[in-house]
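Read the structure below first, then the notes.
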Amino acid sequence: MDMIDEILDLVKKKMSEQAAYDRDAYKEIVEETIQYFQEKGVLTDDDDTELLESQLMDMWGEIKEEFVEKRHK
C-alpha cells in the first residue's frame, strides 16, 4: 500500500466517524491527516505534501460517490 492509499483510508475513516460528507469537510480532513502523518514522522519535509493533497482532492468525486452509495444501502 502506498502513502496516498494509507492517507485515504484514514480520511475515509474520519469522514465516516464525523459524518462529514461534503467537499469542505473532505479537504479539512485531508489536511489534518497529512499533518498527522507528518507529526508521526511517516511524511517528512522531503515529501511533497502539496502534491499529495492535490492528488487526494482530485479524488473527491470518487470518494463522494462511494459515500453516497454507502448511505443508500
Name the aspartates and glutamates eligible as straight-distance cross-link partners of Lys64: C-alpha to C-alpha under 19 Å, and not fewer than 8 places from it in the same chain. Asp5, Glu6, Asp9, Glu17, Asp22, Asp24, Glu28, Glu31, Glu32, Glu53
Exposure proxy check: Val68, Val30, Val42, Val11 ranked by fewest other beta carbons within 10 Å? Val68, Val42, Val11, Val30
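Taken together, the values in this text are just the output of simple stated rules run on the coordinates, not laboratory data. Please read these numbers as outputs of a predicted model, since none were measured by experiment. With ideal geometry, Cβ positions are generated from the backbone for all residues, glycine too; neighbour counts draw on all protein chains shown.
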